[in-house]
1. How are the C-alpha pair distances of segment 255-480 spread across 5 Å bins, as whole percents from the shortest bin up?
2. Do any trypsin sites (Lys or Arg not before Pro) in segment 362-438 lie in a DSSP loop with no more than 10 other beta carbon atoms within 10 Å, and if so, which?
3. Give me Rg/Rg_expected for the chain, where Rg uses Cα atoms only and Rg_expected = 2.2 N^0.38 Å with N residues.
4. For the chain, what does the helix formula give at 222 nm: sum of -39500 (n - 2.57) over DSSP H segments with n ≥ 4, over the residue count, nearest 500 deg cm²/dmol?
5. In this model, which of LYS196/LYS286; LYS64/LYS168; LYS320/LYS421; LYS157/LYS196; LYS64/LYS320 are farther than 30 Å apart at the alpha-carbon?
6. Considering only C-alpha atoms, what is the centroid distance from segment 35-63 to segment 288-318, in Å?
7. For the chain, give the magnitude of the charge dipole about the Cα centre (Cβ charges: +1 Lys/Arg, -1 Asp/Glu; no others), in debye to the nearest 20.
8. Please give the per residue volume of the convex hull enclosing the alpha carbon atoms of segment 1-240, rounded to a whole number of Å³.
Amino acid sequence: MSLNFRKTSGNALSILTSDAMNRATSFILYALVARHLGAHEFGQLSLALTLFYIFQVLAVAGLKTLTIRQVSLDRSQTGRYFTTGCAIVTFSSFSSLALLFGFLRLMHYPADTTLAILLLCIGLLPNAIAAICDGIFQAWERMHLIPYVNVPVNVAKVGCAFLLLTRKSGLYAIILTLLASFLVTALTEVWILFRKFPMQADPFDFRFCLATFRSAVTFLGIEGTIAVMSSLNVLLLSKLATEMEVGLYSAATQLMVPLLLVYQSIGQSVFPLMCRKAEPGFQSLKRISAQVIEVLLILALPALAGLFFLGDWALSILYKNPVFQQAFPALRIVAWVLISQVFTSVLGQALVASHRERITLRIVAVDTVVNLLVGWPLIRLFGLRGAAIALLVTRLVDCCQHYIPVSRLFRGIPLSQIIWKPIIAGVCMTAYLLFSSTQTGILRGVSAAGIYSAALIVLAIWASGGVRRFRDKYLLPLTE
């Protein structure tokens, strides 16, 4: 049992390390471009990466998830699924490029923006092949191979981008660096695959290829809907406003990425436990969900207060460009998303753990429609602030859609027991921030965090009935 536990923990840590490195690299790259090139180029890069994300989902065609499932069941099929997957993603990548070209013709972006997008999306094929390799690594439970490749490539990518930008290179040089990283990742993972995995030389089977593609369509539908929904505001801004407003919107949302990554990491870490505890009645699953929601709320409330009061200081420190101060009003709006995402992150995992993923697909589809119906008029009328309001409204609708079915499943969620301590501590922190406006940003932030932590600890000790019970409840690790 200990060996299995170590293996499972190591695999989970490998995936989290890779995801965290990818997010952190993107965050740093955005900040470097904003500092050295300005808001317009920042907006171009944001739009290019957003479209790359959407069309990358189409290029992979749902095959990564299918490959993990099928190869896990029969590892002797590794070579067959790799060959078939590469054939399918080659076709789907070129199809995605054709669709992208048509989309760009309809949107009538400026010539330099269009070129930046097309240049970046040449990387769709190597990125899709790397995704197939990642799926095989996961199916064989050798997830450590993924960060072995991703971590050094991402470090090299950031280093090259920094050198290029300090030498006054433009946006196209950064995009070529990204293309090189996609290609190196794909070639390295294919090399590892052929060296470390048994690969039988099976002849290409067109019928098997067609059947595989049909099986992957469901996964493509889910992943594609999520990609479109999460990117819709950037696309609407790019059409109804300017690249500069796209850059300002991305600058605001990027400040929330570190905490959202923490949400994701905690959710993925506790998900196997949630699956094991999804027994009839769901009482254990309910208790685990409530505990995780409380932990995430404890993190979210001070982050919300900090961004609301100190967001202008954070923008100036991160981007080193006064233009990005214009993103502060939008940041004050989108920061509230941190609260709704607490519930969505946990309750979404609860739905999947209880085998209710069809509800998740319905929720994502409704979110996309709401985002379009709300976002189009708001962005048209109010530009950047309209996009921020549309994001908040969509996330609130998303939160309600998760809360209602899970509350019915659990026969109620003890919301008042979960939220009262972090809310009171958050009020203490907010009061300090309101009356300390003359202090410097870093001093205000550290002092406010100290006040929040002290208030939270006092409340937790009082609610637990003493220091000893507080230690047993909060400081000892969960054994369930």
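Laboratory data are not the source of any read-out in this text; all were calculated from the coordinates shown. Here the structure is a predicted model, which is why all the values come from computation and not from measurement. Backbone-built Cβ (ideal geometry, glycine too); neighbour counts: all protein chains shown.
1. 1, 6, 12, 15, 17, 16, 13, 10, 6, 2, 1, 0
2. ARG411
3. 1.01
4. Computed mean residue ellipticity for the chain: -29000 deg cm²/dmol.
5. With Cα atoms farther than 30 Å apart: LYS196/LYS286; LYS64/LYS168; LYS320/LYS421; LYS64/LYS320.
6. 26
7. It works out to roughly 840 debye.
8. Considering the Cα atoms of segment 1-240, their hull volume per residue is 130 Å³.
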